[in-house]
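This report concerns only the one structure given below.
What follows draws every value from the coordinates through simple rules; no lab data is involved. This one's a predicted model, so the numbers in the text were calculated from it and none came from an experiment. A quick note on method: Cβ atoms are made from the backbone with ideal geometry, for glycine too, and the neighbour counts reach across all protein chains shown.
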Amino acid sequence: MSALDSLPIAVIGAGPIGLAAAAHLHERGIACTVLEAGETAGAAVRQWGHVRVFSPWRYNIDPAARRILDGAGWVAPDLEALPTGAELVGEYLRPLAELPQLKPYVRYGARVEAIGRLGLDRLRTAGRDSTPFLIRLADGDELLARAVIDASGTWATPNVLGASGLPARGETNVASFLEHALPDVLGAARDRFAGRHTLVVGAGHSAANTLLSLAELAESTPGTEVTWAIRTASPARTYGGGDADALPARGALGSRLRAHVDAGRIRLLTGFSVHALTPTDGRVSVVVRHGDGGEESVTADRIVAATGFRPDHSIAAELRLDLDPIMGATRALAPLIDPNEHSCGTVPPHGVDELAHPEPGYYAVGMKSYGRAPTFLMATGYEQVRSVVAALAGDWAAARDVQLDLPETGVCNSNPADSAAGDSCCGPAPAAEPTARGLATGISGGLLSAPLNLIALDAAPTGGQAGGCCGS
Ligand SMILES: Cc1cc2nc3c(=O)[nH]c(=O)nc-3n(C[C@H](O)[C@H](O)[C@H](O)COP(=O)(O)OP(=O)(O)OC[C@H]3O[C@@H](n4cnc5c(N)ncnc54)[C@H](O)[C@@H]3O)c2cc1C
């Protein structure tokens, strides 16, 4: 037995995937410590608690977690029902974290600030794989671990508004006008939106959710105005598959949004790139650029940045990571989830082999493992941690026997509006949807594969920037 074997495995984050990892570790008899920055299980999910997910309960419960919960007399929810984020926490994640098998091992208020190898910086190789991980918390506390399963998600690191991936000019100066994705428009945040003009930026399902809530608010509160800005030339992908969508809740969301836009209750701006933001008389003025280089100014009271999320790998900066330069996922996983290649498509089952980094014993799993790809589902994360934990237990046969049982999507090419948009920007759209093993959550709604209007630089000649996203 090595010194490492006496140490626990550290799990970062008590969200759906971190807690699932803890459940699998418990079943394998491996000691673990779950480090959660928030004060409760599912701290990130709670922040979008008012949103109803579009995958039913049957895909949202980890099998190992279910076995332990069942053993404790847990009454499962209706497996066909669609929970809200709050229900996901209240009916599943919190009861799971409260189980005597897990509760003593979950530390709340424990934000991981940095991970390294005890006594070895990133350059040192000798003895690395037999050296404990050193985990430093924000309060200065440190602990040692045999391995690290990083399930810290991406919720805390949203994308910026600026179209170039850098903050738009002035973006950091107008923070008080900006809303994180998915504010509770009809609940706790109502006063910030009622009777005011809100600009929603983004083409994904989080944008769609917020727009529908704002449209509902506008019906009851005069003076509530809603503008929706997308970078693409068409909202077809946000509208989705309608009645043909394999996840009916997702299809219905898009159809309702389209009805509001068609009726003029939501003003739609297409081909829109945020260029600069300036506070103006208690409001915020947004300079936008169009594909033809023209500029326009929109003045709003609030801006909802529903532009997706990106992973924060900085806590693992002293570890040896091998990241795909585009996606920010491992190189092995990136092509399987790349929304530039797969407009909606399928995610094949994957596990420890696709998630491994050159740093032995460190695995990013869950939402974080997908980097910037918007195709993550809890069900794929549950299979990831089953596989990773099996490998950490030395059961390589189980670790490599990865499987997923998810509904077929069939949505990408089933929507006539989508077809009308033509080929994907980096090549022809696939002739037929491959047999589906997974499906896109659509948080970014296929944004990356829809044709974009490129904005012009000041010095660039006008008229030369209307190419697709692969244009130079
Ligand atoms: C609005 C919305 C709807 C979605 N709908 C679906 C759906 O229908 N079906 C589906 O399968 N998926 C859906 N997803 C995608 C995904 O399954 C969820 O985001 C899910 O919560 C991801 O789980 P996770 O455990 O990877 O990350 P998270 O749920 O984000 O959990 C990460 C946890 O880590 C903690 N943490 C973060 N940083 C640190 C740190 N440095 N130290 C310690 N703790 C830290 C956070 O507080 C958080 O509790 C949806 C996502 C969103 C945002």
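Summary of computed values
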| quantity | calculated |
| --- | --- |
| Residues whose placed amide H lies under 5 Å from that of A114, excluding near-sequence neighbours | R136 |
| FRET efficiency for D322 and A114, using Cβ-Cβ distance with R0 set to 30 Å, rounded to 0.05 | 0.95 |
| Charged-residue dipole, Cβ positions (Lys, Arg, Asp, Glu), the stretch 277-356 about Cα centre, Debye nearest 20 | 180 debye |
| Exposure proxy ranking, count of Cβ atoms within 10 Å, fewest first, for L35, L79 | L79, L35 |
| Amide H partners (placed H, <5 Å) of I266, local residues excluded | V261 |
| In Hz, Karplus ³J(HN,Hα) per residue of the stretch 375-383 (6.51, -1.76, 1.60; θ = phi - 60°; x = Gly, Pro) | 9, 7, 10, 3, 4, 5, x, 5, 5 |
| Under-5 Å amide H pairs with V106, H placed in peptide plane, nonlocal only | V34 |
| Ranked S285, S2, criterion: other C-beta atoms within 10 Å, fewest first | S2, S285 |
| Projected label distance in nm at K103 and L186, using a 7 Å step from Cα toward the beta-carbon | 3.5 nm |
| Alpha carbon convex hull of the stretch 351-401, projected area averaged over orientations, nm² | 3.4 nm² |
| Vicinal HN-Hα couplings computed from phi for the stretch 174-179 (Karplus, 6.51 cos²θ - 1.76 cosθ + 1.60; Hz; Gly/Pro x) | 10, 3, 5, 9, 8, 10 |
| J(HN,Hα) series, the stretch 255-267, from Karplus relation 6.51 cos²θ - 1.76 cosθ + 1.60, nearest Hz, glycine and proline x | 5, 5, 5, 4, 4, 5, 5, 4, 7, x, 6, 10, 8 |
